[in-house]
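Everything below concerns the one structure shown next.
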Amino acid sequence: IYGIIVCTLCVLHCFATPLIFFSVAASNNNNISPPFLWKNLDYLLLAISLFIVYYSAKNTAKPIMKYMLGISWLILFLVLTNEKIGILHIPEFVTYVTSLNLAVVHLYNYRYCRC
């Protein structure tokens, strides 16, 4: 359940961030910048989700779920890291899909793979 909540918060953060950055840019005041926490909230959510993925993988009844959870988290980590560093141009849509994918894997694990 916590994994689903954190992934949903991540998606909401991803949707809201461009709006906040746009509103700051549109204010025509160069002294205003988005809050530090908001700019780095994705790292906080990613760290929390790592612990949740670890706990879920440790307690799942199906061994394949360990790999699905880990791979889903790793893909999300790589997409978010690439977004910050800017190595490859990946559409923002991919970030939403990877976060939703991790939420769906958590939901599947919760519904069908409990001990």
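The values are calculated or read from the model by the stated rules, or taken from the named source; none is laboratory data. It should be emphasised that the depicted structure is a prediction, and the values quoted were computed from it without experimental measurement. Please note: Cβ atoms are built from the backbone with ideal geometry, for glycine as well, and neighbour counts cover all protein chains shown. Protein only, heavy atoms only, side chains kept; ligands, DNA and RNA dropped before computing areas. Shrake-Rupley method; radii C 1.70, N 1.55, O 1.52, S 1.80 Å.
Highest average first, the peptides 65-77, 40-52 ordered by how many other beta carbon atoms sit within 10 Å of their residues are 65-77, 40-52. Taking the 1.4 Å solvent-accessible surface of segment 45-89 as the whole, the part contributed by carbon and sulfur is 75%.
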